[in-house]
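The values are calculated or read from the model by the stated rules, or taken from the named source; none is laboratory data. Quick caveat: nothing in here was measured; it's all calculated off a predicted structure. Note that we place each Cβ from the backbone using ideal geometry, even for glycine, and neighbour counts take in every protein chain shown. Please note that ligands, DNA and RNA were not included when accessible areas were found on the heavy atoms of the full protein model with its side chains. Shrake-Rupley method; radii C 1.70, N 1.55, O 1.52, S 1.80 Å.
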Amino acid sequence: QVQLVESGGGLAQVGGSLRLSCAASGSIFSINAMGWYRQAPGKQRDLVATITTGGTINYVDSVKGRFTISRDNAKNTMYLQMNVLKPEDTAVYYCNAYLLQYGSVRYLEYWGQGTQVTVSS
């Protein structure tokens, strides 16, 4: 069984910082692309940032220059450093990963349970 577990969410003030982590565990042979998504109340889930195994990174325009995505392949862990937080960053943040389990022949998509980020003014 594979699990993606997010941590690090919480309450921050405008202009503050938070660091999210996503740890993948279980019978994992390989992880391909990983990413962070977020869903604000009443809205759809949107992409925030993605990172490939080789380190290719993409950000949604609204977080460029403020958020930094990274990953530690040896630890099967991904991070999102969020700086200069704004009220519009308030959302549930979800971890996403395409990974290959031992004994499997294709990569499957997995999601974490989400972690709440609230930015207060």
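With r defined as the distance between the Cβ atoms of residue 120 and residue 47 and R0 fixed at 22 Å, what FRET efficiency is calculated, to the nearest 0.05?
Calculated value: 0.35.
Assuming a viscosity of 1.567 mPa s and a temperature of 4 °C, what translational diffusion coefficient in µm² per second does Stokes-Einstein assign to the stretch 73-121, Rh being the Kirkwood radius over Cα pairs?
98
Work out the length of the dipole vector of the chain about its Cα centre, built from +1 on the beta-carbon of each Lys and Arg and -1 on the beta-carbon of each Asp and Glu, and round it to the nearest 20 debye. List each step's numbers first, then the result.
On the way: 10 positive and 7 negative charges, 13 e Å.
The calculation lands at about 60 debye.
Hey, can you find the accessible area per residue of the stretch 9-71 for me, probe 1.4 Å, expressed in square angstrom?
53
When a/c reaches 1.5 or more, the comparison of a/b and b/c decides; with that in mind, is the stretch 21-66 rounded, prolate or oblate per its Cα gyration tensor?
Oblate.
Which FRET efficiency, nearest 0.05, do residue 64 and residue 113 yield, Cβ-Cβ r, R0 30 Å?
On the way: r = 27 Å, r/R0 = 0.89.
Efficiency at R0 = 30 Å is approximately 0.65.
Name the shape class, rounded, prolate or oblate, that the alpha-carbon gyration tensor gives for the stretch 51-90, where a ≥ b ≥ c are the square roots of its eigenvalues, rounded holds for a/c under 1.5, and otherwise prolate holds if a/b is larger than b/c and oblate otherwise.
prolate
Compute the distance in nm between two label points, each set 7 Å from the Cα along the Cα-to-Cβ direction, one at residue 106 and one at residue 32.
It is 1.0 nm.
Under a plain spin-label model, where a point goes 7 Å from the Cα along Cα-to-Cβ, how far apart in nm are residue 84 and residue 13?
Each label point is offset 7 Å from its Cα along the Cβ direction, giving 1.9 nm.
May I ask you to give the average projected area over all directions of the convex hull of the Cα atoms of the stretch 1-91, in nm² rounded to one decimal?
6.3
Which ³J(HN,Hα) values in Hz, rounded to whole numbers, follow from the phi angles of the stretch 105-117 under the Karplus curve 6.51 cos²θ - 1.76 cosθ + 1.60, where θ = phi - 60° and Gly and Pro get x?
With the stated coefficients, the stretch 105-117 comes to 10, 9, 6, 10, 8, 10, 10, x, 8, x, 9, 7, 10 Hz.
Give the carbon-plus-sulfur fraction of the accessible surface of the stretch 16-107 in %, rounded to a whole number; probe 1.4 Å, heavy atoms of protein chains only.
Taking all protein chains in place, the stretch 16-107 shows 50 percent carbon and sulfur surface.
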